[in-house]
Amino acid sequence: MDRNIDRLINKDIVKVLREVGIKNGQKILDCCCGIGNYTLPAALIIGEKGIVYALDRNKEKLSSLKKKSDAGKLKNIEIIEEEFESNIPLSDKSMDVVLLYDIFWYFSLEDRKLPELLGEVYRILKNEAIVSVYPEHIDTKRLKERIKDAKFQLEREFYKTIIHDDSLKKGRILNFRKIL
């Protein structure tokens, strides 16, 4: 890793992601990653033996993420430019953690894509792995119910300083564990 990394990654977010459960050597999916506010800190945590898959449809945001990861010499990020419809292009039971942070402006509670997304997350997560959710822009109580219906159990709920719209703010994070 390079000294440039210090200016690219918010140390508070590194602490939050460690608390979420991200560890050295893991495989992570940052779904709808945008410019990489969480991708980059996750890559720093997981080290050279881990990998972060950064999935987004926005070419410009992914280009920005690529420039940042190159500047920080982070070689453990794989960018996936794809419009999520019904398939996440990753193997079954291959991920340790999936991040669903600030994506619910796109996946509403009534949208048929939400159960598809949750089904795909379930498919790619290892047994008893974690999906971590930052539920901005949505009825959190109803979202919890939908996620529980998709065979996940709420394990932890906490408030931390997170990034939203490129600014730091206090926000709720929900950790769910995949159940068999």
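The values are calculated or read from the model by the stated rules, or taken from the named source; none is laboratory data. The model shown is predicted, which means the values in this text are computed figures rather than measured ones. Methodologically, a virtual Cβ is constructed for each residue, glycine included, from the backbone with ideal geometry; neighbour enumeration extends over all protein chains shown. Only protein heavy atoms, including side chains, enter the accessible area calculation; ligands, DNA and RNA are left aside. Shrake-Rupley method; radii C 1.70, N 1.55, O 1.52, S 1.80 Å.
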May I ask for the net charge around K148, where only other residues with Cβ less than 15 Å from the Cβ of K148 are counted and Lys, Arg are +1 while Asp, Glu are -1?
+3
Taking the Cβ of Y134 as the centre, find all other residues whose Cβ is under 11 Å away and add up their charges (Lys, Arg: +1; Asp, Glu: -1).
+1
Of all alpha-carbon pairs in the stretch 122-180, indicate the percentage at a distance above 15 angstrom.
50
Solvent-accessible area, 1.4 Å probe, carbon plus sulfur percent, for the stretch 1-122
45
Where Lys and Arg each count +1 and Asp and Glu each count -1, what net charge lies around K178 among other residues with Cβ under 11 Å from its Cβ?
+2
Once both axes come from the Cα atoms, what is the angle between helix 113-124 and the longest principal axis of the chain, in degrees from 0 to 90, rounded to 10?
70
Please report the orientation-averaged projected area of the chain, defined via the convex hull of its C-alpha atoms, in nm².
9.0
Relative packing of 34-44, 154-164, which averages over residues the other C-beta atoms within 10 Å, highest first:
34-44, 154-164
Over all directions, average the projected area of the Cα convex hull of the stretch 55-121 and note it in nm².
5.2
Rounded to the nearest 10 degrees, what's the angle between the helix 59-71 long axis and the longest principal axis of the chain, both from Cα atoms, 0 to 90?
40
1.4 Å probe accessible area per residue over the chain, in Å²:
49
Which value in deg cm²/dmol, rounded to the nearest 500, describes the helix-derived mean residue ellipticity at 222 nm for the chain, given -39,500 (n - 2.57) per DSSP H run of n ≥ 4 and division by the residue count?
-9000 deg cm²/dmol
Cα→Cβ-extended label distance, 7 Å offset, between N58 and L168, nm:
2.2
